[in-house]
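Report on one structure; see the data block that follows.
Any read-out appearing in this document is the output of simple, stated calculations on the displayed coordinates, not a laboratory observation. Predicted, not measured: the structure shown is a model, and the values here were computed from it. Please note: Cβ atoms are built from the backbone with ideal geometry, for glycine as well, and neighbour counts cover all protein chains shown.
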Amino acid sequence: MTPYVNYKQPGRSRLWTGDRVVKVLAIRQAIRAAMLVAAGLLLGACSQSVVVKTDFPEPLVEPLPLKVGLHYDPELTDYSYTEDLPSDVTWSFTLGDVNTKLFDGAFNALFEQTIRVDDTGGTGDPYDGLNAVIEPTLEAFEFSLPRQSRSEQYAVWIRYRLNVYTPDGTLITGWPVSAYGQSDSRAFGKNDAMGQAAINALRDAFASIVIGFAKEPQIKAALIPESADDES
């Protein structure tokens, strides 16, 4: 025989069987679990994560007869950016891997030989055999949404700085490279449109480096041999 339980609710008292009490408690637990899942989905909907990935074309340029060391700081290779916009979602961007691909692609095309080095300069091997050391840094990352620009465009701005050193670590110049990319929200989903805007900005930076590096006055004076300068 199923025992009866005096199960009380606010303002009333009712005699329920033990089986019914178990069912009620199970229903309440299921409702609470569903509410937790819904809350998790709501929190997830309040953030947009953009992991930027792309390839860069191989530039058709004559490499300079230089052996250059490349120093990539973890702040560049692990770069991420997060911003919590008022009345909008939290946007987060991951650019570490794509930064490495950008500079490897540009510098491998620009120079006859590149090697990774642990510092911006030094003595002995491998620095004695280098013409220069380059350390790229990412100084600024900004973006805008269609509602901010009152257009259909997602936009991204990136500013890099290429610090160029002599092999012993003396700074030759810090060359700023600014880049911009945009993407139409009507052609992509929200997250994809922002990602494409970032890709377009990175490709803009890539082209600026490949085209402009040897023309930057201080770099040209310090690194470009006269014979290479005459041929160009």
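Which whole number of Å³ per residue matches the convex hull of the alpha-carbon atoms in the stretch 75-232?
Value for the stretch 75-232: 127 Å³ per residue.
Can you list the aspartates and glutamates whose alpha carbon sits under 17 Å from that of K190, skipping same-chain ones fewer than 8 residues off?
Partners found: E83, D84, D88, E142, E152.
Between N191 and E75, what FRET efficiency comes out of the Förster formula 1/(1 + (r/R0)^6) with R0 = 22 Å and r the beta carbon distance, rounded to 0.05?
Once rounded, the FRET efficiency stands at 0.30.
Just order 195-204, 46-55, 65-74 by mean Cβ neighbour count inside 10 Å, highest at the front, would you?
The most tightly packed comes first, giving 195-204, 65-74, 46-55.
Counting pairs of Cα atoms in the stretch 141-194, how many percent are more than 19 Å apart?
46
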